[in-house]
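Each remark here refers to the structure printed beneath this line.
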Amino acid sequence: MDEIGKKFREARKRMGATLSEVSQKAGCTPAFLSQVERGLTDPSLSMLKKIANALQVNIIELFTQSIPEKVVIRKNERLKIEFPTSKMLAEVLAPGISTKKMEARYKTIQSGGGSGGVYSHNGEELGFIIKGTFILTINGQEYHLRKGDSFYFASANEHGFRNNGKNEAVVLWVTCPPSF
């Protein structure tokens, strides 16, 4: 997370925005944002998304600047992003493609893990539960999903997720346009 904090700071400075301006848009305190930028705290996925939205960047862009475009990505070549506070590992299935219209991820969410709150953004999302159980919250409504279930919703709706099961949940998650 140290690297993402540095890139958030770079994006904020490129915008010419202050900590106060960005933190107000993201819904956090300037002190918290400063800690994120300095790599002193590990925010939830929900808060990372809110900060990225305030900075008008995609989280994935912060990791993929040096990854070459490829047609075939082998399992060991996936971009892996760990979110310790959210107890989640996101593997980007097509990293480094600057012209893509959608973003596909293979998410492994440990028991008790999840987004750590709700967020929204432009676009649409589709998911398929490969393993385990999973709760998806859309505009306050909870949907209990399990292996083999799928979902689809407009990303402008407030949404979040969590693994309520005893075992890890694995979800194939696609967003369009890329927003992660």
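All of the numbers you see were taken from the coordinates with simple rules; none came from a lab. Given the structure is predicted, the values throughout are model-derived calculations rather than measurements. Reconstructed Cβ throughout: ideal geometry from the backbone, glycine too, with neighbour counts over all protein chains shown.
Of the residues 119, 152, 106, which exhibits the maximal mean-square fluctuation in a Gaussian network model of the chain defined by a 10 Å Cα contact cut-off? For the chain, modelled as a Gaussian network with Cα springs under 10 Å, the answer is 152. What is the calculated FRET efficiency for residue 31 to residue 6, with r their C-beta to C-beta distance and R₀ = 25 Å, to the nearest 0.05? After rounding to 0.05, the efficiency reads 0.90.
The trypsin sites (Lys or Arg not before Pro) found in the range 14-119 that occupy coil by DSSP, while having at most 10 further C-beta atoms within 10 Å, are 74, 101.
Using the Cβ-Cβ distance between residue 130 and residue 152 with R0 set to 25 Å, the FRET efficiency from 1/(1 + (r/R0)^6) comes to roughly 0.95. Summing charges over neighbours of residue 131, with a neighbour being any other residue whose Cβ is under 10 Å away from its Cβ, gives +1 when K and R count +1 and D and E count -1. Each Lys or Arg adds one and each Asp or Glu subtracts one; over the other residues with Cβ under 10 Å from the Cβ of residue 175, this totals -2.
Just 109, 51, 97 to compare: in a GNM of the chain, with alpha carbon springs under 10 Å, which one fluctuates most? Taking springs between Cα atoms under 10 Å, the residue moving most is 97. Among 163, 139, 58, the largest mean-square fluctuation in a Gaussian network model of the chain (Cα springs under 10 Å) belongs to 139.
Grab the other residues whose beta carbon is less than 9 angstrom from that of residue 110, score K and R as +1, D and E as -1, and report the net. Spell out each step's value before the answer.
Numbers: positive: 87; negative: 168.
Summing Lys and Arg as +1 and Asp and Glu as -1 gives 0.
Full extension of the chain between residue 38 and residue 14 yields a length gain of 7.0 nm, computed as 0.36 nm times the residue separation minus the alpha carbon distance.
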